[in-house]
Structure formats: C-alpha cells, structure tokens
1. What does the highest-first list of 45-56, 135-146 look like by mean Cβ count within 10 Å?
2. Using the Karplus curve 6.51 cos²θ - 1.76 cosθ + 1.60 with θ = phi - 60°, what ³J(HN,Hα) values do you get for each residue of the range 96-104, in whole Hz, with x for Gly and Pro?
3. Stick to the Cα atoms of the range 2-65, pair each with every other, and give me the Kirkwood hydrodynamic radius in Å at one decimal.
4. Using a ≥ b ≥ c from the Cα gyration tensor of the range 92-131 (square roots of the eigenvalues), is it rounded, prolate or oblate, where a/c under 1.5 gives rounded and otherwise the larger of a/b and b/c decides, a/b for prolate?
5. Based on the mean of other Cβ atoms within 10 Å per residue, sort peptides 123-129, 21-27, 102-108 so the most packed one is first.
6. With each label point set 7 Å from Cα along the Cα-Cβ vector, what nm distance links Asp39 and Glu2?
Amino acid sequence: MELQRFFAKHACDPNAVDDLVQVVYVRLLKYTKDARIRDSHAYIFQVARNVLKDANRRTKVDRERVISCDPLTLEQFAADQGLDCRVADSSAEVSERSELIRVFKRLPRTAQEAWLHQREGLSYRQIAAQMHVSEHAVKKYISTALQGIREYFKRQRSGSTGSPK
C-alpha cells in the first residue's frame, strides 16, 4: 500500500502504478536471495526510486515517440506524410484500403486486439483487464500495430507495392 502511494504520487504515468510495484518485488526477489539487509524499508524504497526513475524516463521517451490514435490525429499524420486519407471512391483507393487491411491482418493477434480496443476508446488499464495482460504489454501491442501502419505509409510514400514483411 505504501509503495502504491509512492508511485501514484511520483510516476509520470498514473496507470503504471501496479506494474511498478510488481517490478520492485521482482527486483527484490532477484537481487536479495542471500543478502542481509539492515534496513529493509530503506532498501525497498531505494529500489522503488530506481524503478520509478527508469519508468519515468521510458514514459517521457514513449510520449515523444508515439502518436495519438484518434482519427483526427491519424489523418493529420497522414497529411504531414503527404498521403491522402479521403474516403475511397476510385479503384486505386479501394485497393490501397484493402492493402492496409491486409497489413493490419498480418499484425500479431494481440496487436490487432489492443488497437481495436483503443479505437473503441478504452484506456490502457481497461484494455489490459480485458486482455488479461499488464498495461505495459498493451503499450507494446499498440506500438507494434502503429509500427506496421507506419511501414505501410512509408511504402505508400515511396511508391513500393511489395508485400509487407
């Protein structure tokens, strides 16, 4: 309980509190098997500070790297990349949309599921609960989906029609 309050107060990502507490316990189990510790409370919170520092650094990097998945932001991203996201009305646009659907279907099932849940407006915590995984795993799945979509846009921009990897 005390660790949860500590992380809730100091973590950049308030949804990661339970995951951070778990990381502290994993590190304690990994590194303190035979060690004698004079002040266990101080030791636990030193580990917690280290975990928090790492998590906050990762969160800041993720925020800079990941684009939002709401439709307007995705349309803006496509426009910035020089792509047109209008409703398909020509056979070429229908073909492009079909290719994007094929790209999506080639993603891992977990990435597809997480992406669709996020498109429904669920939070990482809600998605994690539905998928029975950690919030960190949900972030990885959504990043995987975004990477696949980015690769598709990159191929479109370069004019390549080869199939995705």
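1. 135-146, 45-56
2. Per residue, the Karplus-derived 3J(HN,Hα) values read 4, 5, 4, 5, 4, 5, 5, 4, 4 Hz.
3. Mean inverse Cα-Cα distance, inverted, gives 12.3 Å.
4. oblate
5. 123-129, 21-27, 102-108
6. About 1.2 nm separates the two model spin labels.
Rule-based calculations on the coordinates, nothing more; no lab input. Because the structure is predicted, anything quoted here is derived from the model rather than measured. Quick reminder, even Gly has a Cβ in these numbers, built from the backbone with ideal geometry, and neighbours come from all protein chains shown.
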